[in-house]
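Q: Here's a structure for you.
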Amino acid sequence: MFRTPFAGQGRGSPAPAGSFLLPCWSSWSCWPSCCCRACCAGGGSTSYRTVVTASIVQAEADRPANMGKVARVIGNRLAHHMPLQMDSTINYALGRSTLRTSHADTRTKSPYNTYRYQGLPPTPIDNPGAEALKAAGAPPAGDWRYFVTVKPGDTRFTGDYQEHLRNVREFNERQRSTGSGGKSGGGRA
């Protein structure tokens, strides 16, 4: 049976978005190099770190145009020794997909909890597509360290923490007013 870090977690195979499973993917250790040969434009080499970053970009970006900025946020936070604080990694750890991230969720004991543990999670959390891989491999320049999608099509990126808190408050107010319920963890990247 084909086993990956995703096996038994309902995550499917680690084939990138819009791709197919290659015969060489009989072990997880082979996956990053196969992924790069099969999916990256130009057939260049992609590091495991880039694949893990791309998986977060794939899960977090609300549209392809934001993928580069999300990748830059991840890079900037890592460079400044900040926790990533990505809700998608908590969702992965808890086996769910939701906008509702509670303070209790942020205390989950899992290596995928990027609120609790600094750095990238140990493995990809999503199946990154070619656009996410490209964004993670060459993000645009920018000082962004925070982002929140206030509503579909309105993702706000900033390097200023106070501005980010205002954006998170607006997100939380919108969730309450639309009946979506949940409240962001407050430090969402």
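The values are calculated or read from the model by the stated rules, or taken from the named source; none is laboratory data. Here the structure is a predicted model, which is why all the values come from computation and not from measurement. Because the Cβ atoms are built from the backbone with ideal geometry, glycine has one as well, and the counts that use them run over all protein chains shown.
Q: Kindly indicate whether any position in the range 133-145 is of a type outside the set (A, V, I, L, M) and either touching a Cys at 6+ places or on another chain (Cβ under 7 Å) or in a helix (DSSP H, G or I) (or both).
A: Filtering the range 133-145 for residues of a type outside the set (A, V, I, L, M) gives 134, 137, 139-140, 142-145.
Of the ones still in play, those that are also either touching a Cys at 6+ places or on another chain (Cβ under 7 Å) or in a helix (DSSP H, G or I) (or both) are 134, 137.
Yes, because at least one residue in the range 133-145 is of a type outside the set (A, V, I, L, M) and either touching a Cys at 6+ places or on another chain (Cβ under 7 Å) or in a helix (DSSP H, G or I) (or both).
Q: Which residues, counting only those in the range 54-69, are more than 14 Å from Tyr112 (Cβ to Cβ) and either of a type in the set (S, T, N, Q) or assigned to a helix (DSSP H, G or I) (or both)?
A: Ala54, Val57, Gln58, Pro64, Ala65, Asn66, Met67, Gly68, Lys69
Q: Here's something else I'd like to know. Looking at the range 107-129, is at least one residue over 24 Å from Thr46 (Cα atoms) and outside any loop (DSSP other than H, G, I, E, B)?
A: yes
Q: Here is a further query. Is there a residue in the range 154-163 that is among the polar types (S, T, N, Q), part of a strand (DSSP E or B) and either over 18 Å from the mean Cα position of the chain (by Cα) or modelled with pLDDT of 95 or more (or both)?
A: We begin by selecting, within the range 154-163, every residue among the polar types (S, T, N, Q); these are 155, 158, 162.
Still in the list and also part of a strand (DSSP E or B): 155, 158.
Now narrow it down to the ones that are either over 18 Å from the mean Cα position of the chain (by Cα) or modelled with pLDDT of 95 or more (or both): 155, 158.
So far as the range 154-163 goes, yes, one or more of its residues are among the polar types (S, T, N, Q), part of a strand (DSSP E or B) and either over 18 Å from the mean Cα position of the chain (by Cα) or modelled with pLDDT of 95 or more (or both).
Q: When you look at Thr155, is it crowded, with 19+ Cβ neighbours inside 10 Å, over 21 Å from Met67 (Cα atoms) and touching an Asp or Glu at 6+ places or on another chain (Cβ under 9 Å), yes or no?
A: Numbers: crowded, with 19+ Cβ neighbours inside 10 Å: yes; over 21 Å from Met67 (Cα atoms): no; touching an Asp or Glu at 6+ places or on another chain (Cβ under 9 Å): yes.
No, not satisfied.
Q: Looking at Pro111, is it modelled with pLDDT of 95 or more and surrounded by fewer than 15 Cβ atoms within 10 Å (Cβ to Cβ)? Please lay out each step first, then the result.
A: Numbers: modelled with pLDDT of 95 or more: yes; surrounded by fewer than 15 Cβ atoms within 10 Å (Cβ to Cβ): yes.
So Pro111 fits the description; yes.
Q: Run Arg156 past the list (1) of a type in the set (D, E, K, R); (2) within 23 Å of Val51 (Cβ to Cβ); (3) in contact with a Phe, Trp or Tyr (Cβ under 8 Å, 6 or more places away or on another chain) and report the number of the one that doesn't hold.
A: Arg156 satisfies every listed condition except (2).
Q: May I pose another question? Is it true that some residue in the range 88-101 is surrounded by fewer than 15 Cβ atoms within 10 Å (Cβ to Cβ) and of a type in the set (Ser, Thr, Tyr)? It would help to see each step written out before you state the result.
A: Applying the first criterion (surrounded by fewer than 15 Cβ atoms within 10 Å (Cβ to Cβ)) to the range 88-101 yields 95-98.
Applying the additional criterion that residues be of a type in the set (Ser, Thr, Tyr) yields 97-98.
Looking for residues that are surrounded by fewer than 15 Cβ atoms within 10 Å (Cβ to Cβ) and of a type in the set (Ser, Thr, Tyr), one finds at least one in the range 88-101, hence yes.
Q: So is Leu84 aliphatic (A, V, I, L, M) and touching a Pro at 6+ places or on another chain (Cβ under 9 Å) or not? If you could, list the steps in order and put the result at the bottom.
A: Working: aliphatic (A, V, I, L, M): yes; touching a Pro at 6+ places or on another chain (Cβ under 9 Å): yes.
Yes, satisfied.
Q: Let me spell it out: the conditions are (1) within 25 Å of Val150 (Cβ to Cβ); (2) in a loop (DSSP other than H, G, I, E, B); (3) under 12 Å from the mean Cα position of the chain (by Cα), and Thr89 meets all of them except one. Which number is the exception?
A: So Thr89 meets the others, but not (2).
Q: Also: Ser29 is checked against (1) modelled with pLDDT under 90; (2) among the polar types (S, T, N, Q); (3) buried (at least 20 other Cβ atoms within 10 Å of the Cβ) and fails just one. What number does that condition carry?
A: The failed condition is (3).
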